[in-house]
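Notes to accompany the following structure.
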Amino acid sequence: MVGLDYARAADEAPKPLSGAALYQQHCASCHGAERTGGMGPALLPESLERLRKPEALAVIRSGRAATQMPAFGAQLSEAEIQALQAFVYAPQLPVPRWSDADIQASHSFEPDSARWPARPQWSADPMNLFVVVEGGDHHVSLVDGDRFEVLHRFASRFALHGGPKFTPDGRYVFFGSRDGWISKYDLWNLKLVAEVRAGLNMRNVAVSADGRWVMAANYLPRNAVLFDADLQLVRSYPAQSRDGAQSSRVSAVYDATPRRSFVVALKDLPELWEISYDPKAEPIHEGYVHDYKMGEALPTPGYQNIRRTLLEEPLDDFFFDDSYAHVLGSARPREGGGSLGQVVNLDVRKKIAELPIPGLPHLGSGISFTREGRRLLASPNLKDGRISVVDLKSWQLVREIVTPGPGFFMRSHAQSPYAWTDSMMSPAAKDTLSIIDKQRLEVVAQVREPGKTLAHVEFTKDGRYVLASLWEMDGALIVYDARTFKELKRLPMSKPVGKYNVWNKISREEGTSH
Ligand code: DHE
């Protein structure tokens, strides 16, 4: 009898809810029933890769400051919080889809934008404007690069990533968010023009040299997506091998300005893609003869189609040389092995050299400059405290410059003898920016913000000043004199992740990322 009573009591006790049920009850209204995002960000494993699990537990328990994420610590038991956390880190099955129809349905456009004045509605040099991405509270600040004052501040999509991209006149800027949103913003009128959700987990966007095309690189779904300048879908390109048997995440897309093409890096396939937006692009298929008549305006089959360079190893992060004929790439390290640096010639469509850079070079942040008549590339390294300097003709390693710790970013300017780099991947040296003499190839000075993270610099249009990020929630944009390294001013900002000078970007200044 007694045993039976116990059994009934156990049956009647409320069963703890599963992570899935808790999610539908507490989270789905903001983060989407399929965890693909809504008012709140997507909560898929791909989206959470950069959030450590204890941090996720703390956010569920205590909420997130400066956002609408409430604290659930009072409503949910510790076991329920753990179940929720485990659920959002597990893959969503079936894998969420994001079709061309979904992309089109997400598109919004301000039809009046064509009538907005074609000149800045504020008084400052539009070419010396800085666009500053503030990751702390997901805002963007526009800073006058002569007076170092904030002209305007507006809310951005959640978690922008990669450099914003500009149209060649510097009027429009395109932002990409990790959750797949692309926003087109009119800097002269301080208004949003268009938005679209290109994917569920996006890496970055590129804008064509003529400002007519925008391409997005996605991890989820595994594709690249082409838009026109108003973010209307043109077509999507599933990231698949030619026979369709294998697929890949798309690591990044960059504009190869002189080639009038986008170059696309694939994370899981040993291929590099080039997609031309030149209507007269060379035909792609070997043996194909295009019956082209003089004056004919028809695009060739090379136009907006994939031109593949087959490689031995996938090529992830990369840098173009000055001619844009060569791509200098690294692959993320594979299990039990290091990364393989490679030089690929886009014209002959082949790897032509090994790149002697050990560790994990962050080539996307590389810069180029001239020393003793030779063009050099300098790249930071995510794993080691060193800057690798490579000759852009012989592809040989010229020097390894030791820094206090591994870093993410590097910047210089043609008018400055110095390049600046951070050590933000090192807990001990994240507070130090190292200043490198480009001729001596040595660290000649440092600036520090003891105990804080100091990273990502950008020069003013004339190379006279350097703006750096005090990368904290109550952070700042710090302005230094580029010759004396003395601080001039600081503007409070909420974790200013990156900053981009309009002129340096549209003129493809050699010291900045492209
Ligand atoms: Fe980035 C640019 C890849 C993590 C901040 N990052 C880029 C680009 C690539 C890239 C391919 C160039 C795209 C462009 O500008 O169009 N980033 C990666 C990674 O693979 C990595 C290591 C892992 C990941 O999860 O994506 C990574 N990146 C980070 C961060 O953790 C950073 C520091 C903080 C954040 O907000 O995500 C970060 N990445 C940035 C920034 C740029 C960037 C600020 C633009 C740099 C520039 O000056 O142009």
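The values are calculated or read from the model by the stated rules, or taken from the named source; none is laboratory data. All figures in this text were calculated on a predicted structure; none of them were measured in a lab. Positions of Cβ are backbone-derived with ideal geometry, glycine not excepted, and every protein chain shown enters the neighbour counts.
Restricting to segment 375-390, name every residue that is of a type outside the set (S, T, Y) and either touching a Leu at 6+ places or on another chain (Cβ under 6 Å) or over 21 Å from Q439 (Cβ atoms) (or both). Even if it seems obvious, please write down each step before you answer.
Start the filter on segment 375-390 by keeping residues that are of a type outside the set (S, T, Y), which leaves 375-378, 380-387, 389-390.
The answer is R375, L377, N381, L382, K383, D384, G385, V389, V390.
Quick check on this structure: which one of F175, F158, F148 is of a type in the set (A, V, I, L, M, F, W, C) and more than 13 Å from the ligand (Cβ to nearest atom)? Let's see the steps before the verdict.
Working: F175 fails: more than 13 Å from the ligand (Cβ to nearest atom); F158 fails: more than 13 Å from the ligand (Cβ to nearest atom).
F148 is the lone residue from the list that is of a type in the set (A, V, I, L, M, F, W, C) and more than 13 Å from the ligand (Cβ to nearest atom).
Output the number of residues of segment 76-109 satisfying the condition of being part of a loop (DSSP other than H, G, I, E, B) and closer than 25 Å to D137 by Cβ. Lay out the reasoning, then the answer.
Step one: of segment 76-109, the residues part of a loop (DSSP other than H, G, I, E, B) are 76-77, 90-99, 107.
Now narrow it down to the ones that are closer than 25 Å to D137 by Cβ: none.
Residues meeting the conditions: 0.
Give the residue that is farthest from the ligand (Cβ to nearest atom), with candidates limited to residues of segment 20-57 that are among the small types (G, A, S) and part of a loop (DSSP other than H, G, I, E, B).
From segment 20-57, those among the small types (G, A, S) are 20-21, 28-29, 32-33, 37-38, 40, 42, 47, 56; that's our starting set.
So of that shortlist, the ones also part of a loop (DSSP other than H, G, I, E, B) come out as 32-33, 37-38, 40, 42, 47.
On the way: G32: 21, A33: 25, G37: 16, G38: 21, G40: 18, A42: 14, S47: 10 Å.
In this case the residue turns out to be A33.
Can you report the number of residues in segment 164-192 which are among the aromatic types (F, W, Y) and closer than 11 Å to V205 by Cα?
Within segment 164-192, residues that are among the aromatic types (F, W, Y) and closer than 11 Å to V205 by Cα number 4.
Do you know which residues across segment 300-343 are within 16 Å of the ligand (Cβ to nearest atom), part of a strand (DSSP E or B) and either modelled with pLDDT of 90 or more or of a type in the set (F, W, Y) (or both)?
Listed by number, the residues that qualify are F318, F319, F320, V327, L328, G329.
Residue-by-condition table, conditions (1) outside any strand (DSSP E or B); (2) within 25 Å of D317 (Cβ to Cβ); (3) within 18 Å of the chain's Cα centre (by Cα):
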site: K184; (1), (2), (3): no, no, yes
site: A206; (1), (2), (3): no, yes, yes
site: A217; (1), (2), (3): no, yes, yes
site: A224; (1), (2), (3): no, yes, yes
site: F262; (1), (2), (3): no, yes, yes
site: L269; (1), (2), (3): yes, yes, no
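Within segment 480-490, is there a residue that is closer than 15 Å to H139 by Cα and touching a strand residue (DSSP E or B) at 6+ places or on another chain (Cβ under 8 Å)? Even if it seems obvious, please write down each step before you answer.
Here is the first cut: in segment 480-490, the ones closer than 15 Å to H139 by Cα are none.
No.
Specify the residue that is nearest to the ligand (Cβ to nearest atom); the eligible residues are those in segment 388-403 that are touching a residue at least 40 places away in the same chain (Cβ under 8 Å) and farther than 25 Å from S507 by Cα.
Step one: of segment 388-403, the residues touching a residue at least 40 places away in the same chain (Cβ under 8 Å) are 389-390, 392, 395-399, 401-403.
Add one more test, that the residue is farther than 25 Å from S507 by Cα, and what stays is 395-399, 401-403.
Numbers: W395: 22, Q396: 25, L397: 23, V398: 23, R399: 23, I401: 20, V402: 22, T403: 17 Å.
Ranking the qualifying residues of segment 388-403, first place goes to T403.
Of all the residues that make up segment 465-496, how many are assigned to a loop (DSSP other than H, G, I, E, B), over 25 Å from the mean Cα position of the chain (by Cα) and under 19 Å from T432 (Cβ atoms)?
Taking segment 465-496 as the starting set, the residues that turn out to be assigned to a loop (DSSP other than H, G, I, E, B) are 471-474, 482-486, 494-495.
From what's left, over 25 Å from the mean Cα position of the chain (by Cα): 482-486.
Among the residues that remain, those that are also under 19 Å from T432 (Cβ atoms) are: 482, 484-486.
Residues in segment 465-496 being assigned to a loop (DSSP other than H, G, I, E, B), over 25 Å from the mean Cα position of the chain (by Cα) and under 19 Å from T432 (Cβ atoms): 4 in total.
Filter segment 132-143 for residues that are surrounded by 17 or more Cβ atoms within 10 Å (Cβ to Cβ) and on the phi < 0 side of the Ramachandran plot and give the result.
Here is the first cut: in segment 132-143, the ones surrounded by 17 or more Cβ atoms within 10 Å (Cβ to Cβ) are 132-136, 138-143.
Across segment 132-143, the qualifying residues are V132, V133, E134, G135, G136, H139, V140, S141, L142, V143.
Take the conditions more than 22 Å from the chain's Cα centre (by Cα) and either modelled with pLDDT under 95 or at positive phi (or both) and apply them to L190. Does it pass? Spell out how you get there, then give the answer.
Details: more than 22 Å from the chain's Cα centre (by Cα): yes; either modelled with pLDDT under 95 or at positive phi (or both): yes.
Yes.
Scanning for something assigned to a strand (DSSP E or B), polar (S, T, N, Q) and within 30 Å of Y277 (Cα to Cα), does segment 137-156 turn up at least one residue? Steps first, answer last, please.
So the first thing to find is which residues in segment 137-156 are assigned to a strand (DSSP E or B), and the list is 139-144, 149-155.
Okay, now just the ones that are also polar (S, T, N, Q), so 141.
After this cut, where a residue has to be within 30 Å of Y277 (Cα to Cα) as well, the list is none.
No: zero hits.
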